[in-house]
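Accompanying notes for the structure given below.
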Amino acid sequence: MSQDNSPIDGAASVDPNQPPDPSRRTWVATACALGGVAGVATAVPFVGSFAPSEKARAAGAPVEVDISSIPPGQMITVEWRGKPVWIVHRTKAQLEGIKHDDALVADPNSDRPGFTPSFAKNEYRSRKPEYLVVVGICTHLGCSPTPHLAAVDGPGLPSPWEGGFLCPCHGSIFDLAGRVYKNKPAPDNLEVPPYAFSSDGTRITIGVDEVNKA
Amino acid sequence: MAGEKTVETTGLLGWIDKRFPLTTLFKEHMSEYYAPKNFNFWYFFGSLALLVLVIQIVTGIFLVMNYKPDGNLAFGSVEFIMREVPWGWLIRYMHSTGASMFFVVVYLHMLRGLFYGSYRKPRELVWIFGMAIFLCLMGEAFMGYLLPWGQMSYWGAQVIVNLFSAIPFIGPELSLWIRGDYVVSDATLNRFFAFHVIAIPLILIGLVVAHIIALHEVGSNNPDGVEIKAGPKDANGHPVDGIPFHPYYSVHDIMGVAGFLIVFAAIVFFGPEMGGYFLEYNNFIPADSLKTPPHIAPVWYFTPFYSMLRAITADFTWVLAACSILGAIALFIKGNLKGAWRIIVPVILILVAIFMRTLDAKFWGVVAMGGSVVILFFLPWLDHSPVRSIRYRPTWHKFLYAIFIVVFLILGFLGTQPPNPTFNLMSQIGTLIYFGFFLLMPVWSRLGTFKPVPDRITFHAH
């Protein structure tokens, strides 16, 4: 083969008595650096492919719900962006109970940022006191807490407890305004999604408010 | 042909040996790999882990032939495997039982290393490769558990992916990136499928090879923790206290395999769900993104670490911060850190104590859970005992090991239970003992009266 008869013999081509050629070092370093840049650049599309697709991003359309049929003291669950959203019709007694929780909850005035839009920064964390609208996902690690709308007794529950939401995963407890009790794993109150009432007050559109337009 | 290798073998084997070092490899790793002759029961679990890996790969390949990684089809396709595919139930139960038995075998294998100091110099890399295998195994098990797309699959994945969201600043974006959607969804299922069936198994096999190569480079430890290479040698230069792995241990391990397969088959045929521990009852309900089951817990092999995650509450960070400050004072006064480290390490510990109270307890729960696994990597440098094996340690060391094992099991039990105040207090105490065992090891492992270590291994023929 022609390679076997190459005029340059690999072993003899470098004279061991010659001083090292510094330009070789430069070229090796340059080649490694450029190769490294190319390698990192190649990783970009692969890392990027993990981000939510356009389809997943577009799936966040607002949801309209009829709330006139929810009796007082009951709730419904609707799906918005793949998450459960609870709409609770609170009774007068339950609203009274919320006032008594202020000393027991970690963030009574919902001062921590990110979970309570400005329209819900009030005693009941809602637009209308009787309707609570929250995302039913625990702010700890994303389980969906179990609603207990009537007063219950049980191990690990505050006593007396006027009812609220108990996360089965790690035991976080929320009151009927979605506020987390002190010294529980969840750091934040339940998220209040953007929502708006229809003009006659019988329907709610989740995903739309003063800031987020449909 | 010029440059042809001279080999001792003839015929087909000779033809191969001239082109591939088959006989050399066999000798190096089997027939002329000299292992200490005093291996006991605990030494079955390495080869058993390899056996379970093979079972998982083979059954996994056959499961993939009928499984559909699709949010709408996955649950149904698993039921299809169980009811319609001939022998599908057996293949799936072998795979699900294999997953749990993998952890049984690996935990016992690691405990063996802990007992006999098998991670000590020069076997640090054997241990580190092994720990990397353990991490891969946890990832493999977690992602595989999502695939049946039942309620436990779904909410388990939801919780674990959300662990990453506790990391300050980048957390929420990171967990979104991992899921590929705002909730666990079809996109998540598909990527976990890709990791479970190809990416992690490839890494796992590479690590297993590295684990064995590293082991055969330094030689196996043994229940006495005495180096056989330092002992007398025979005419061929082989240690007289060593015996060739093949045939002595290859045959010995076949007995271990037989015993293991009896247990394995008994579970597969008579109790594949193991009372809800191997296959959780709620996972027979299809995934519902709107409703978390009333009680969710990870599969048993994750529960000790899961307990530590749950143990960290806002009040408990006071205790942890206090421990951190005590550690800083102790290291500053009594520690033998050199130069600037004597200042830097205590300062870091005091900063940790401050962050304990300023960052969310949720973040520290995740740190505790991750740290409980990561700390094992450092075992070779935490253990300062003058002897390797538990046999020659002070008797009270054995009690410490016993406490550690009991605490680990209790944490495991607590992780399967619904949260309540008593259990939470128990898991907080357990978390302190778990971390204390390792973090104080540099201190306690040198204390006490050690028993004289024999020059050669002790061995009594049956």
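If a residue has to be β-branched (Val, Ile, Thr) and more than 14 Å from chain B (Cβ to nearest Cβ) to count, how many in the stretch A:98-112 make the cut?
Total meeting the criteria: 1.
Quick check on my filter: what residues within the stretch B:34-52 are in a helix (DSSP H, G or I) and in contact with a helix residue (DSSP H, G or I) (Cβ under 8 Å, 6 or more places away or on another chain)?
B:42, B:43, B:44, B:45, B:46, B:47, B:48, B:49, B:50, B:51, B:52
Spot the failing condition for residue A:76; the list is (1) in contact with a Gly (Cβ under 7 Å, 6 or more places away or on another chain); (2) outside any loop (DSSP other than H, G, I, E, B); (3) without any contact (Cβ under 8 Å) to a residue 24 or more places away in the chain; (4) not charged (D, E, K, R), and only one is missed.
Here residue A:76 clears every test but (1).
Any residue in the stretch B:211-225 that's free of Cβ contacts under 8 Å to residues at least 60 places away in the same chain: show its pairings with residues that are outside any loop (DSSP other than H, G, I, E, B) and among the aliphatic types (A, V, I, L, M) at Cβ separation under 9 Å, as long as the two are six or more apart or on different chains.
If the second residue must be outside any loop (DSSP other than H, G, I, E, B) and among the aliphatic types (A, V, I, L, M), the pairs left are B:217/B:125; B:217/B:126.
So how many residues does the stretch B:430-445 have that are farther than 21 Å from residue B:384 by Cβ and loosely packed, with under 15 Cβ neighbours inside 10 Å?
Here the count works out to 0.
Would you confirm, using the coordinates I've provided, whether residue B:209 is under 29 Å from residue B:370 (Cβ atoms) and surrounded by fewer than 15 Cβ atoms within 10 Å (Cβ to Cβ)? Let's see the steps before the verdict.
Working: under 29 Å from residue B:370 (Cβ atoms): yes; surrounded by fewer than 15 Cβ atoms within 10 Å (Cβ to Cβ): yes.
For residue B:209, the condition - under 29 Å from residue B:370 (Cβ atoms) and surrounded by fewer than 15 Cβ atoms within 10 Å (Cβ to Cβ) - is met.
Mind checking which residues of the stretch B:169-228 are under 25 Å from the mean Cα position of the chain (by Cα), farther than 20 Å from residue B:157 by Cβ and of a type in the set (D, E, K, R)?
Selection gives B:217, B:224.
If only one of A:123, A:79 is charged (D, E, K, R) and away from every other protein chain (no Cβ under 14 Å), which one is it?
A:123 is the lone residue from the list that is charged (D, E, K, R) and away from every other protein chain (no Cβ under 14 Å).
Of all residues in the stretch B:296-305 being within 12 Å of chain A (Cβ to nearest Cβ) and in contact with a Ser or Thr (Cβ under 9 Å, 6 or more places away or on another chain), which is surrounded by the fewest Cβ atoms within 10 Å (Cβ to Cβ)?
Ranking the candidates gives B:298 first.
Which pairs have Cβ atoms under 6 Å, sit 6 or more apart or on different chains, and link a residue in the stretch B:440-462 that is within 26 Å of residue B:36 (Cβ to Cβ) and touching a residue at least 60 places away in the same chain (Cβ under 8 Å) to one that is surrounded by 12 or more Cβ atoms within 10 Å (Cβ to Cβ) and of a type in the set (S, T, N, Q)?
Hits for this filter: B:445/B:385; B:457/B:38; B:457/B:222; B:459/B:38.
Scan the stretch A:161-172 residue by residue and report those that are touching a Lys or Arg at 6+ places or on another chain (Cβ under 9 Å) and more than 14 Å from chain B (Cβ to nearest Cβ).
Across the stretch A:161-172, the qualifying residue is only A:164.
Just give me the residues in the stretch B:347-362 being in a helix (DSSP H, G or I) and either modelled with pLDDT under 90 or among the hydroxyl-bearing types (Ser, Thr, Tyr) (or both), in sequence order.
B:356, B:357, B:358, B:361, B:362
Being out of contact with any Asp or Glu (no Cβ under 6 Å at 6 or more places or on another chain), buried (at least 18 other Cβ atoms within 10 Å of the Cβ) and outside any helix (DSSP H, G or I), is that true of even one residue in the stretch B:159-180?
Yes, the stretch B:159-180 has at least one match.
Is it the case that the stretch A:126-137 has a residue that's aromatic (Phe, Trp, Tyr) and within 12 Å of chain B (Cβ to nearest Cβ)?
Taking the stretch A:126-137 and keeping what is aromatic (Phe, Trp, Tyr), we get A:131.
This time we only want the ones that are within 12 Å of chain B (Cβ to nearest Cβ), so: none.
No, there is no match, as no residue in the stretch A:126-137 is aromatic (Phe, Trp, Tyr) and within 12 Å of chain B (Cβ to nearest Cβ).
Do you know which residues across the stretch B:173-192 are more than 8 Å from chain A (Cβ to nearest Cβ) and touching a Gly at 6+ places or on another chain (Cβ under 9 Å)?
Within the stretch B:173-192, B:175, B:184, B:186, B:188, B:189, B:190, B:192 qualify.
Of all residues being more than 13 Å from chain B (Cβ to nearest Cβ) and either in contact with a helix residue (DSSP H, G or I) (Cβ under 8 Å, 6 or more places away or on another chain) or among the basic types (Lys, Arg) (or both) in the stretch A:82-97, which is nearest to residue A:190 (Cα to Cα)? Just the residue, please.
The qualifying residue nearest to residue A:190 (Cα to Cα) is A:90.
Using the structure shown, decide if residue B:263 is surrounded by fewer than 17 Cβ atoms within 10 Å (Cβ to Cβ) and at pLDDT 90 or above.
Here the answer is yes, as residue B:263 does meet what is asked.
For the stretch B:273-283, enumerate the residues that are under 26 Å from residue B:72 (Cβ atoms) and surrounded by 16 or more Cβ atoms within 10 Å (Cβ to Cβ).
Once the filter is applied, which keeps residues that are under 26 Å from residue B:72 (Cβ atoms) and surrounded by 16 or more Cβ atoms within 10 Å (Cβ to Cβ), the stretch B:273-283 yields B:273, B:279, B:280, B:282, B:283.
Step by step: first the residues of the stretch A:126-147, then only those that are out of contact with any Gly (no Cβ under 6 Å at 6 or more places or on another chain) and touching a residue at least 60 places away in the same chain (Cβ under 8 Å), then the one that is surrounded by the fewest Cβ atoms within 10 Å (Cβ to Cβ). Which residue is that?
A:128
Looking for whichever is small (Gly, Ala, Ser) and exposed (fewer than 15 other Cβ atoms within 10 Å of the Cβ) here; the options are B:88, B:98, B:60, B:76. Which one fits?
B:76
For the stretch B:363-396, enumerate the residues that are aliphatic (A, V, I, L, M) and either within 13 Å of chain A (Cβ to nearest Cβ) or not in a helix (DSSP H, G or I) (or both).
Going residue by residue through the stretch B:363-396, those that are aliphatic (A, V, I, L, M) are B:366-369, B:373-376, B:379, B:382, B:387, B:390.
Scanning the stretch B:363-396 gives B:366, B:368, B:369, B:387.
Somewhere in the stretch B:283-295, is a residue of a type in the set (Asp, Glu) and out of contact with any helix residue (DSSP H, G or I) (no Cβ under 6 Å at 6 or more places or on another chain)?
We begin by selecting, within the stretch B:283-295, every residue of a type in the set (Asp, Glu); these are B:288.
The next check asks that each one be out of contact with any helix residue (DSSP H, G or I) (no Cβ under 6 Å at 6 or more places or on another chain); those that pass are B:288.
Yes, the stretch B:283-295 has at least one match.
Scan the stretch B:53-76 and tell me whether some residue there is more than 18 Å from residue B:97 (Cα to Cα), part of a helix (DSSP H, G or I) and touching a helix residue (DSSP H, G or I) at 6+ places or on another chain (Cβ under 7 Å).
The answer is yes, given that some residue of the stretch B:53-76 is more than 18 Å from residue B:97 (Cα to Cα), part of a helix (DSSP H, G or I) and touching a helix residue (DSSP H, G or I) at 6+ places or on another chain (Cβ under 7 Å).
Regarding residue B:183, is this residue buried (at least 17 other Cβ atoms within 10 Å of the Cβ), at pLDDT below 95 and out of contact with any Pro (no Cβ under 9 Å at 6 or more places or on another chain)?
Taking the combined requirement at face value, the residue satisfies it.
Of the residues that sit in the stretch B:161-172 and are of a type outside the set (Val, Ile, Thr) and at negative phi, which one is nearest to the other protein chains (Cβ to nearest Cβ)?
Initially, the stretch B:161-172 is screened for residues of a type outside the set (Val, Ile, Thr), giving B:162-166, B:168-169, B:171-172.
Restricting the remaining residues to those that are at negative phi gives B:162-166, B:168, B:171-172.
Working: B:162: 4, B:163: 6, B:164: 10, B:165: 8, B:166: 8, B:168: 12, B:171: 12, B:172: 9 Å.
This residue is B:162.
Out of (1) buried (at least 18 other Cβ atoms within 10 Å of the Cβ); (2) under 28 Å from the mean Cα position of the chain (by Cα); (3) more than 14 Å from chain A (Cβ to nearest Cβ), what's the single condition that is false for residue B:313?
It fails just one condition, (3).
Of all residues in the stretch A:173-190, which are under 24 Å from residue A:89 (Cα atoms), in contact with a Leu (Cβ under 8 Å, 6 or more places away or on another chain) and within 14 Å of another protein chain (Cβ to nearest Cβ)?
A:173, A:174, A:180, A:181
Quick one: which residue in A:151, A:106, A:120 is under 29 Å from residue A:58 (Cβ atoms) and either within 23 Å of the chain's Cα centre (by Cα) or surrounded by 15 or more Cβ atoms within 10 Å (Cβ to Cβ) (or both)?
Matching residue, one of A:151, A:106, A:120: A:120.
The values are calculated or read from the model by the stated rules, or taken from the named source; none is laboratory data. These figures come from a predicted structure and were not determined experimentally. Positions of Cβ are backbone-derived with ideal geometry, glycine not excepted, and every protein chain shown enters the neighbour counts.
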